[in-house]
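The values are calculated or read from the model by the stated rules, or taken from the named source; none is laboratory data. Worth saying up front: this structure is predicted, and the values here are computed from it rather than measured. Neighbour counts are summed over all protein chains in view; Cβ atoms, including those assigned to glycine, are modelled from backbone coordinates with ideal geometry. For accessibility, only protein heavy atoms count, side chains too; no ligands or nucleic acids. Shrake-Rupley method; radii C 1.70, N 1.55, O 1.52, S 1.80 Å.
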Amino acid sequence: MKTEIKLYDTYEGKMRPFQPLRGNEVDIYYCGPTVYNYVHLGNFRPTITFDLLTRFLKEEGYDVKCVSNYTDIDDKIIRESQKEKKSEKELSLFYIKAYEECLEKLNVLPLYAHPKASEYIDKMVDFIADLEMEGYAYKGENDIYFAVSKIPEYGTLSKQRIEDLHAGKRIEVDSEKRDPLDFVLWKLTDDAGIKFDTKIGLGRPGWHTECVVMAHDVFKTSMIDIHGGGFDLKFPHHENEIAQSLAHDKTKLANFWMHVGFLLTGGVKMSKSLGNSILAKDVIARYGGNAVRLFFYQSHYRAPVNYTEENLEASKKMIDRYLLSDKRGKTFLALENIEEGELLEKEYQSFLLALSDDLNVANALTVVDSLVKETNQLLQKKDKERLPSVVSTLERLLSVLGFALPVVSLSEDDRKNYKEYQEARARKDYKRSDELRPLLMEKGLL
Ligand code: AMP
Ligand code: ZN
């Protein structure tokens, strides 16, 4: 039987029981990076969070389709490509490759799709043309805008009243917007940056249109199960995605809106524009993907988490301890030719129950921790009864958490030496067992 899952939905501002909209399928879309330089570590917090959610839902038996995009059309990309004297495409493909190398090292499951904004221009143009026809968009001299005043629900996601939004908005000089809250759907431009000659004019799409069109198209629906991203995207990005989806399809785009807390450094949000970025690739190279994953698991995904070297060192120590215990357990069982054990139902269920509570990883990790301790105790006693189940359960839980697990492969010589060592000890031939011990220890077999 499936566990009852509760997730925090930012749109409703509360925890809600999660049920897929369509049978057993769960559609997840989270906003990916703008690919104009190496991403910082914070950019991977949503990635790891939604990878964990995907793995957990799969473990619960759901057919999960997780999608994340690349924003490869953006003014920042144009500026950077001009600086580096490359085309926008060359530049973005370079950084996409670098991003994907990190995904692999973090052991992120392959996504169902990884759409690029540049591949959806025709669909964005049709979408904007529809909005214009329905009276939700209007054309100025410089841009095509979305008319926010047509959407009474505007502000629901970010819990802001339209009056307050107006009060907080600076009046832009020379603005041709009818309302300061209106946002750009299509930038009409003949500048040197990437642009497309289309039926709505020469130019390029606005960021908020890119995501809504890709989400609609990849899933072939205007209402997906879960849409996510970092906290910073609630407003205006996701609010504007919802406004367009309400206008175009009368849906709020996603049944659940999930937002991930910030990675901070020195108490401040890590951000490219603040210049306090610590590059993900450097952190992964130094500590390894497993330690980075565990570092993010140390805090609930909605809470902020502080980057410090001490925190990463501590995560590295902890994951090394977990994986060593897993490896030693597996090695012992393989050497003793003992088959896999049955899952320990009580531990397995309490682990799933923790994750079902809005991904409470801290509680899930207490189950892992106690299995690690038990594995070590059982190994000391050379127990062969309970150890197989403890090791199988530990292995299963670690893989639901997305850790890349050590592979145990034993050669014929390893098996022979181990057998001889055991026999020598049994007949109290300590001279021979002492000879074999360093050899076995060196290979991590003792
Ligand atoms: P960007 O390339 O800035 O659009 O960001 C890509 C993704 O990373 C988005 O989902 C952002 O919300 C997320 N993000 C950016 N900075 C941080 C941070 N410091 N902590 C957590 N998530 C972040
Ligand atoms: Zn987006």
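Observations
- Annotation note: of ALA364, ALA334, the sole residue that is touching a Leu at 6+ places or on another chain (Cβ under 7 Å), surrounded by fewer than 19 Cβ atoms within 10 Å (Cβ to Cβ) and of a type in the set (Gly, Ala, Ser) is ALA334.
- Checked against (1) modelled with pLDDT of 95 or more; (2) within 12 Å of ligand 1 (Cβ to nearest atom); (3) open to solvent by 50 Å² or more (accessible area, probe 1.4 Å), ARG286 passes all but a single condition, namely (2).
- Options SER299, SER315: the member that is out of contact with any helix residue (DSSP H, G or I) (no Cβ under 6 Å at 6 or more places or on another chain), within 22 Å of VAL108 (Cα to Cα) and among the small types (Gly, Ala, Ser): SER299
Quick grid of which residues meet (1) closer than 30 Å to LYS86 by Cα; (2) touching a Lys or Arg at 6+ places or on another chain (Cβ under 9 Å); (3) of a type in the set (A, V, I, L, M, F, W, C):
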position: LEU188; (1), (2), (3): yes, yes, yes
position: THR209; (1), (2), (3): yes, no, no
position: MET214; (1), (2), (3): yes, yes, yes
position: PHE219; (1), (2), (3): no, yes, yes
position: LYS252; (1), (2), (3): no, no, no
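- Selection within segment 47-89 - more than 27 Å from THR393 (Cα to Cα) and open to solvent by less than 20 Å² (accessible area, probe 1.4 Å): VAL67, SER68, ASN69, TYR70, THR71, ASP72, ILE73, ILE77, ILE78, SER81
- Pair list, Cβ < 6 Å and 6+ apart or interchain, from segment 341-353 residues that are touching a residue at least 12 places away in the same chain (Cβ under 8 Å) to residues that are hydrophobic (A, V, I, L, M, F, W, C): GLU347/VAL367; SER350/VAL367; PHE351/ALA364; PHE351/VAL367; PHE351/LEU397
- Counting only strands (runs of 3 or more DSSP E) that sit wholly inside segment 172-228, those with at least 1 residues that are surrounded by 23 or more Cβ atoms within 10 Å (Cβ to Cβ), away from ligand 1 (no atom under 16 Å from the Cβ) and among the charged types (D, E, K, R) are 201-205.
- Of everything in segment 401-422 that is assigned to a loop (DSSP other than H, G, I, E, B) and open to solvent by less than 30 Å² (accessible area, probe 1.4 Å), the residue that is nearest to LYS330 (Cα to Cα) is PHE403.
- Filter result (open to solvent by 50 Å² or more (accessible area, probe 1.4 Å) and at positive phi) within segment 337-361: ASN337
- Flag if SER315 is over 15 Å from the mean Cα position of the chain (by Cα), under 20 Å from LYS159 (Cα atoms) and assigned to a helix (DSSP H, G or I): no
- Residue among LEU233, LEU246, LEU264 that alone is more than 13 Å from ligand 1 (Cβ to nearest atom), open to solvent by less than 50 Å² (accessible area, probe 1.4 Å) and either closer than 18 Å to GLU153 by Cβ or not in a loop (DSSP other than H, G, I, E, B) (or both): LEU246
- Meets criteria (touching a residue at least 12 places away in the same chain (Cβ under 8 Å), in a helix (DSSP H, G or I), open to solvent by 20 Å² or more (accessible area, probe 1.4 Å) and touching a Leu at 6+ places or on another chain (Cβ under 8 Å)) for ARG328: yes
- Residues in segment 249-261 that are more than 16 Å from ligand 2 (Cβ to nearest atom) and either open to solvent by 30 Å² or more (accessible area, probe 1.4 Å) or assigned to a helix (DSSP H, G or I) (or both): ASP249, LYS250.
- Residue ranges of helices (runs of 4 or more DSSP H) in segment 1-110 with at least 2 members closer than 20 Å to ASP358 by Cβ, within 16 Å of ligand 2 (Cβ to nearest atom) and not acidic (Asp, Glu): 44-59
- Test for LEU131: is it open to solvent by less than 40 Å² (accessible area, probe 1.4 Å), in contact with a helix residue (DSSP H, G or I) (Cβ under 9 Å, 6 or more places away or on another chain) and within 16 Å of ligand 1 (Cβ to nearest atom): no
- Cβ-Cβ under 7 Å pairs, at least 6 apart or on other chains, segment 214-225 side without any contact (Cβ under 8 Å) to a residue 40 or more places away in the chain, far side in a helix (DSSP H, G or I): SER222/HIS216; SER222/SER245; SER222/ASP249
- Test: residue in segment 141-148 that is touching a residue at least 60 places away in the same chain (Cβ under 8 Å), closer than 30 Å to ILE48 by Cβ and either crowded, with 16+ Cβ neighbours inside 10 Å or hydroxyl-bearing (Ser, Thr, Tyr) (or both): no
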